[in-house]
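Please read the structure below before turning to the comments.
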Amino acid sequence: MFYLFVSPWVLGFVLLTALPLGYALLVSFTNFNGVSSRWRWVGTRNYTELVRDTDAISSLMRTLAFTAISVPLMVAGGLGLAVLLNRRLKAVGLFRTIFFLPSVVPVVAMAIMWKLIFNRDGGILNAILEKISIGPIAWLVDPNAFYALIILTLWGLGGGMVIMLAALQGVPVELEEAAVVDGANRWHVFRHVTVPMISPIIFFQIVTGIIASFQIVIQPLLLAETNQVGAVAQVPQSTHLYMVQVYQEFFANNRYGYGSAMLWVFFLVILTITLLVQRSSRLWVHYQVDSEAER
């Protein structure tokens, strides 16, 4: 009965994850172009070329910079909104809904909407800036395109806010009250009681945020100054992230072997960073474990 119930997940994992990963690893050692059946084994040539590819290395560095900026802002912003909305306020449920709704908007619709907002001539953002005597800004070209992408990403704070809000509501009130009795102010209670209690959730948000930000690709493509998603050459240099480079190798250059090698290297990079973050969690993540379970 157990195997019967887990079989849908096992089949899905094998057919949709394990086999595609194995096939991509096999293709990464070939010169397959996605169309012709006349492909041959090239060994590690794709990986050797990747090490020397300055465009791929530069896109990886930009992705690291984007992740280093966006993930802390997403985690801190989600926690800040959760703290503000974890109060007994009038219509607090309405405010929670308003902040959460943007996170459920499909990514394509969200990117197209923000492209209209960032438009230099007719966008509402520049219209607002002009009202306060700030000239129109070309948001969708370098170097402002990078900041526009971060703003677009931060629009989805609501998803993290809901998770943080659930974590805050799980903090025992007795601990906070005891800290107040001992003379702690609100900041000390938050810093030394609340944050350690929700540190596993913060850790979860950081790990999932890193993985998601590394794989971002649709937003840079749709924010580009072109109506054709395939025209990746129009993507500004500052938002030409690693996955955009992979997209270009696959669908613009028809280099499926080289693109697969890029994806496998990228997988190892994400895995390494995730393991480093997990290793560091021993220093700042506190789990609630009773004495019985600990023994």
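The values are calculated or read from the model by the stated rules, or taken from the named source; none is laboratory data. Just so it is clear, the model here is predicted, and its values are computed rather than measured. Cβ placement follows ideal geometry from the backbone for every residue including glycine, while neighbour counts extend to all protein chains displayed. Accessible surface areas use protein heavy atoms only, side chains included; no ligands, DNA or RNA. Shrake-Rupley method; radii C 1.70, N 1.55, O 1.52, S 1.80 Å.
A compact table of results
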| quantity | calculated |
| --- | --- |
| Test for LEU89: is it part of a loop (DSSP other than H, G, I, E, B) and either open to solvent by 30 Å² or more (accessible area, probe 1.4 Å) or of a type in the set (S, T, N, Q) (or both) | yes |
| In region 276-288, the residues that are open to solvent by less than 90 Å² (accessible area, probe 1.4 Å) and in a helix (DSSP H, G or I) | VAL277, SER280, SER281, TRP284 |
| Of all residues making up region 163-179, the number that are within 30 Å of PHE118 (Cα to Cα) and open to solvent by less than 60 Å² (accessible area, probe 1.4 Å) | 1 |
| Total residues in region 180-215, condition open to solvent by less than 50 Å² (accessible area, probe 1.4 Å) and either part of a helix (DSSP H, G or I) or not hydrophobic (A, V, I, L, M, F, W, C) (or both) | 18 |
| Options THR17, THR44: the member that is modelled with pLDDT under 95 and open to solvent by less than 80 Å² (accessible area, probe 1.4 Å) | THR17 |
| Of residues in region 37-64 being aliphatic (A, V, I, L, M) and under 19 Å from PHE250 (Cβ atoms), the one farthest from the chain's Cα centre (by Cα) | VAL42 |
| Elements of type helices (runs of 4 or more DSSP H) in region 100-164, at least 2 residues being of a type in the set (S, T, N, Q) | 144-154 |
| Contacts under 9 angstrom Cβ, first residue in region 101-127 being under 15 Å from ALA145 (Cβ atoms) and among the small types (Gly, Ala, Ser), partner in a helix (DSSP H, G or I) and open to solvent by less than 50 Å² (accessible area, probe 1.4 Å), 6 or more apart | ALA111/LEU152; ALA111/GLN219; ALA111/PRO220; ALA111/LEU221; ALA111/LEU222; ALA111/LEU223; GLY123/LYS115; GLY123/ILE117 |
